[in-house]
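The structure appears below as structure tokens.
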Amino acid sequence: MAGRAVVVGVGHYLPERVVPNSEFETTLDTSDEWIRTRSGIERRHFAAEGETTSDLAFNAAEAALKDAGLTAADIDAIILATSTADLTFPSAATMVQARLGMTNGFAFDVQAVCAGFVYALSNANALILSGQAKRVLVIGAETFSRIMDWTDRSTCVLFGDGAGAVILEGQEGAGTAQDRGILSTDLNSDGRYKDLLYVDGGVSTQSTGYLRMQGNQVFRHAVDKLAATAETALEKAGLSCDDVDWIVPHQANIRIIQGTARKMGLPMKNVVVTVQDHGNTSAASIPLALSVGKARGQIKQGDLIVTEAIGGGLAWGAVVLRW
Ligand code: UT7
């Protein structure tokens with residue numbers, strides 16, 4: 001017998017406003033064709049004025065609770081992965097906690113940029129396996145539209161806003177790779193690469209700043225590191241790429257998604273792809289893809305899933321779980 005952190009609910013929320021690529025053609029030297037062919041993105045959602053990350057996170061959390069048939073009183077802990085919290089402090093997670101009417105347990109944010117949801121899942125798994133929590137609400141939520149430099153065509157066309165959430169519950173498993181739940185995790189970071197993707201402001205520099213990215217350099221690292229972390233996580237679980245039903249990748253660029261799947265020897269029919277509709281929503285992209293993948297009828301109970309992500313830090317990692 002072994003403890004496992006099993007997904008018992010999933011949900012997502014996207015802000016109402018949908019922005020097609022063509023909207024950027026009026027203000028920037030860019031085209032729908034360039035954005036589509038270089039990134040796979042066709043549209044993205046942007047939060048309304050005054051709509052914050054914790055608003056998006058709260059809506060995704062409610063959807064996940066509904067899907068699980070649970071209420072906030074059933075949750076012990078909230079982990080919210082975000083790089084765009086409403087305020088410097090308190091955490092956006094505590095804001096969600098308050099809006100859910102939850103007065104027990106604890107809540108905190110995790111900041112690992114685009115790898116944030118993978119880091120949050122790994123932390124939630126550790127809390128459950130160590131007996132510190134029974135049910136953890138794990139959210140990825142971002143408003144990257146707030147840190148876009150709208151004059152920089154190489155970044156502002158790529159990102160979007162949104163939120164996704166899962167509820168993990170501690171259950172007994174047989175201790176084999178056939179168990180439902182998180183089977184392994186693999187986290188990595190290498191701070192030597194901080195200049196490849198960062199925001200040029202922050203509390204200590206007394207500004208909000210804008211996202212800066214050497215896209216082609218990040219791209220160079222992405223496919224190799226993502227395939228390697230996914231394969232390492234699978235190995236830790238005693239599994240291989242042949243066992244995978246779904247890759248649910250971070251949705252940054254269709255070419256990175258295709259390259260990683262190719263390197264893992266898996267066809268695109270085994271990959272959940274949402275980048276065309278959401279753009280890169282950073283820490284929100286994986287839970288959004290899990291929720292959309294389930295709603296589309298792609299992800300079914302018992303399926304073996306590997307999620308993988310890379311972003312600023314560089315920070316990257318993978319989680320293997322059986323749905
Ligand atoms: O989620 C966090 C991790 N982030 C990522 O994974 C992003 C990784 N990188 C990428 O997705 C790609 O590198 C990009 C989509 C950002 C760019 O694609 P690329 O094939 O690497 O293009 P590039 O940066 O090498 O730029 C090619 C050309 C440049 O022009 P020159 O120098 O060749 O004349 C750019 O100035 O494309 C130009 N360009 C654009 N042209 C039209 C850059 N942005 C645009 C644009 N519209 N929006």
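Any read-out appearing in this document is the output of simple, stated calculations on the displayed coordinates, not a laboratory observation. Everything quoted here is computed from the prediction, not taken from an experiment. A quick note on method: Cβ atoms are made from the backbone with ideal geometry, for glycine too, and the neighbour counts reach across all protein chains shown.
Go through the stretch 1-99 and tell me which strands (runs of 3 or more DSSP E), entirely inside it, have 3 or more residues that are away from the ligand (no atom under 16 Å from the Cβ). Before you say what the answer is, go through the steps one by one.
Values: elements: 2-13, 17-20, 43-46, 77-81.
Filter on the stretch 1-99 gives 2-13, 77-81.
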* Asked: Quick one: which of GLY162, GLY175 is in contact (Cβ under 8 Å) with a residue 40 or more places away in the chain, surrounded by fewer than 17 Cβ atoms within 10 Å (Cβ to Cβ) and either assigned to a strand (DSSP E or B) or at positive phi (or both)?
  -> GLY175
* Out of ILE257, ILE310, sole residue that is surrounded by 24 or more Cβ atoms within 10 Å (Cβ to Cβ) and assigned to a helix (DSSP H, G or I) -> ILE257
* **Considering residues of the stretch 100-122 that are buried (at least 20 other Cβ atoms within 10 Å of the Cβ) and not hydrophobic (A, V, I, L, M, F, W, C) only, the residue nearest to VAL6 (Cα to Cα)** => SER122
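Quick one: in the stretch 133-152, of everything that is touching a helix residue (DSSP H, G or I) at 6+ places or on another chain (Cβ under 9 Å) and acidic (Asp, Glu), which residue is surrounded by the most Cβ atoms within 10 Å (Cβ to Cβ)? Give the derivation first.
Here is the first cut: in the stretch 133-152, the residues touching a helix residue (DSSP H, G or I) at 6+ places or on another chain (Cβ under 9 Å) are 133-146, 148-150.
This time we only want the ones that are acidic (Asp, Glu), so: 142, 149.
Values: GLU142: 31, ASP149: 14.
The extreme case among them is GLU142.
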* Within the stretch 262-280, track down each residue that is buried (at least 22 other Cβ atoms within 10 Å of the Cβ) and either farther than 21 Å from LEU121 by Cβ or within 15 Å of the ligand (Cβ to nearest atom) (or both). => THR274, VAL275, HIS278, GLY279, ASN280
* **Pair list, Cβ < 9 Å and 6+ apart or interchain, from the stretch 56-71 residues that are free of Cβ contacts under 8 Å to residues at least 60 places away in the same chain to residues that are of a type in the set (Val, Ile, Thr) and part of a helix (DSSP H, G or I)** => PHE58/VAL96
* To do: For the stretch 183-205, state whether one or more residues are in a strand (DSSP E or B), polar (S, T, N, Q), touching a Lys or Arg at 6+ places or on another chain (Cβ under 7 Å) and surrounded by fewer than 18 Cβ atoms within 10 Å (Cβ to Cβ).
  => no
* To do: Report whether or not ASP303 is in contact (Cβ under 8 Å) with a residue 40 or more places away in the chain, out of contact with any Pro (no Cβ under 8 Å at 6 or more places or on another chain) and more than 14 Å from the ligand (Cβ to nearest atom).
  => yes
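Has the stretch 285-296 got at least one residue that is within 16 Å of the ligand (Cβ to nearest atom), under 24 Å from GLY40 (Cα atoms) and not hydrophobic (A, V, I, L, M, F, W, C)?
Going through the stretch 285-296, the residues within 16 Å of the ligand (Cβ to nearest atom) turn out to be 285-289.
Remaining after also requiring under 24 Å from GLY40 (Cα atoms): 285-289.
Narrowing further to those that are not hydrophobic (A, V, I, L, M, F, W, C): 285, 287.
Checked the stretch 285-296: at least one residue is within 16 Å of the ligand (Cβ to nearest atom), under 24 Å from GLY40 (Cα atoms) and not hydrophobic (A, V, I, L, M, F, W, C).
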